[in-house]
1. What is the Cα centroid distance between segment 371-386 and segment 189-245, reported in whole angstrom?
2. For the peptides 69-76, 396-403, what is the packing order when you average, over each peptide's residues, the other Cβ atoms within 10 Å and list the highest mean first?
3. Please give the FRET efficiency for ASP399 paired with GLU459, using the beta carbon to beta carbon distance and R0 = 35 Å, rounded to the nearest 0.05.
4. Quantify how much of the Cα-Cα distance distribution of segment 282-409 extends past 24 Å, in percent.
5. Positive end of the dipole of the chain, charges at C-beta (+1 Lys, Arg; -1 Asp, Glu), about the Cα centre: which of VAL347, SER548, VAL505 has its Cα farthest in that direction?
6. Considering the alpha-carbon set of segment 340-464 alone, what are its Rg and its Dmax in angstrom?
7. Measure out, as a whole number of angstrom, how far apart the alpha-carbon centroids of segment 85-148 and segment 531-558 sit.
8. Give the lysines reachable from LYS463 as a straight Cα distance under 22 Å; neighbours fewer than 8 places away on the same chain don't count.
Amino acid sequence: MNKLFSCFIVANLIGLHCHADVTGRVEPAIHPELKAHTEHFAKKIYKVTDRVYSAVGWNVANIVMIVGDDGLIMVDAGLSPATSREVLAEFRKITDKPIVAVIYSHFHHDHIDGVKGLVSAQQVESGDTQIYAHTSLMQHLVDESAVLGPILGVRAGYTFGFFLEGEDIKYMNSGIGPLATGGRPGSFIAPTRLVDDVLKVTIAGVDLEIIHVPSEAPDELAVYLPESGVLIDTEVIQGPTFPNVYTLRGTKFRQPMTWVRSIDRLRKLKAAYLVPTHGRPVTGEEKVDEVLRMTRDGIQYVHDQTIRYMNKGFTPDELAQQVRLPPHLFNYAPYLRQYYGTVKQAVRQIYAGYLGWYEGDPVALDPLPAKTRATRLVGLMGGRERVHEAALAAYQERDYQWAAELASYLVRVDNDDMAARSVKAAAFRQLGYASMNINWRNWYLTSALELEGRLDTLETAKKMANIFMPPDILAEMPVEVSIDAWTTRLKAEQTLTVNRSLGFVFTDLDASYGLTIRRGVCQFDTDPENEMDMVLYMTKPVFNEVLSGNTTIEAAVLNGGMTLTGELSDLNRFLDYFETPGADPVSLTLH
C-alpha cells in the first residue's frame, strides 16, 4: 500500500484529516506578469490636458475630471463613497470649482456606487448638479439588482476575490484596476438627464459629445471633447487587458461585433488622447488609433474564428482548445494580455450566445443527475478509495486539473468527504497561484476556501448585498419592479393548492398593484381589476424601509405605517409563501 493511500486510511480510521501529509502546504504565490501588472495601477492623478485629469489607482474604475469655466464634470463615480472622497480630495489640490455634472458611463457598480463621495442628493435635487446617463441605465440596474441580485452578488465576490486575504491578495490587482475591496456600502443617485444615441451639450463652458457605444455594457457612454480631441472612452477599451467578452460573475450575452462596431465608431473621431476608466491615459493620435484598432481586431478575431469552427460542428470545449490569438495579438501588451478576460471563456459565450446550451448530442437532452452519474462513475473506477488514490497520485504528479476533476466525483457523491475536498482545494490553490488571470485565480482560491469549510456562504451573500442591492438603489427602484420580483421567489411546492391575492396601494403615488397566487404560480398585475383578498395601504418611503430591512411588513402594519384590510394572520401566511432574498447560503463549488 503506497504512503499516500495509507495516510488516507489511517486518517479515516482515527477521524482526522491529513491534508498536510497528503498534499503538503500549498505555498502562496503570484504569477510574475500579474504581479508586475499591479504597477500599472499605482495611485496617480494623470494630467491629460489643462481640462482633463484621470485618477488612477483609488477605485477599480477611474474617475475622470473635466475642468470647466465655472464648474467640474466628473465622468464616473467609483465603487464606494469612501474611495471617491479620497479622489475628490486629490482633485481639490487642482481646483475648488463646484461639481456641476456627473456622467455615469454605464450601470456597473464600480462606476456609480461612489457618487455620494462626490456630490450629495441635495445638490442634485436642487439642480446644482446634473447626473447624465443612458436612457436604459435604470432598467439594467433594476434588472440586475431586483431579479438576480443575490446570486450575482455572490458570484461577483468570487470573481473579484472579495473574501480572500493575507498572502492570497499580496501584490494583487483586479486586472483592470487596483485590488477591489468588497462589502463597503454603495450609494446611488438617479440620473436627471438622459442620453439616447448622441447628446451634444455644453456644460460649464465645455463642449461635449456624449455618445452611446454599447460594448462591455449595453448602456455604455463615451465622452468626446472635440476642441481638444480628448476621448474618454470609459470602458469601451476595457483597460490594459484582453476584454471580458464573457464575465465569470455572469452576464447577458455581450455581442462581440456590437462591441467592435462601437470601437470603430470611436476610431472615426481620430482622437489625440484616449482616457479609459480602467488604466492609464494614452497620448498621440497614432497610439490612440493603434490601441483601438488592436483591441477591436482581438475581439473580432476571436468572434470570427469561433463562428468558423462552430460551423464545422465544434463544441464549446473543442473551441476553447482550437481558437487562439495569433502572436501579434496575443503579445500586444498590456491591452490584449489575458489578465481579466480570456479567449477560452469568450468562445464559450459566443457559442452560447448564438446557439444556446445544446451542443447537438442528444445524450445531453436528459442527462443523469450529477450525483447519480458521479456515483456510477466512481463505482466503475473501482470505488471511492481507488478514485481518491488516483486523485492524490495526479496531485503528486502536478496534474492538478485531473486531480480536481477526480476529487469532484467524490465530492458530488458525498459533500462531507473532507479528504476529497482537501485534495480538490489543494489542486485549486495550485491552479490559482499559477494563473495570470485574476478572475480564474480568484475563483480557484475562493472555491478552495469553500471546500476547506472556511467560507461562510450566507455571510458572503449578505456582504455582497451592500454592493449589488444598497439601500440607495432600492429606494430609487420603481415599486412595481420590486413587487414584480416577488414572483420569482414563490415557494411553488407549498402553494399548489393555494388561491390567494394581496393588493398594494401606494397613497402617495396614486398607484396600485396586485399579487395573485394561483396553484404554484404568482401573477403580478398593475391596477388589478379583480378584488384582492387583502390590501395593504402605504407610502413609498415606508415600503423602502421594508426593502432595506429596517422593518418588516408585519411591524409596519402593527405600528400604523401600513394599513391592512384583512386579517394579519392571513397576511403572514401569504408572505411566508415567498423566500427572503439572500436568506439561504449559496454554494458555488460543492455540487
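The values are calculated or read from the model by the stated rules, or taken from the named source; none is laboratory data. What you are looking at is a predicted structure, and each value in this text was computed from that prediction instead of being measured. Neighbour counts are summed over all protein chains in view; Cβ atoms, including those assigned to glycine, are modelled from backbone coordinates with ideal geometry. Just the protein is used for accessible areas: all its heavy atoms, side chains included, with ligands, DNA and RNA removed. Shrake-Rupley method; radii C 1.70, N 1.55, O 1.52, S 1.80 Å.
1. That distance is 54 Å.
2. Descending mean neighbour count gives 69-76, 396-403.
3. Step by step, r from the Cβ atoms, then E = 0.55.
4. 53
5. The one lying farthest along the dipole's positive direction is VAL347.
6. In Å, with Rg to one decimal and Dmax whole: 16.4, 43.
7. What the calculation gives is 29 Å, centre to centre.
8. Within the straight-line cut-off, LYS463 pairs with LYS116, LYS170.
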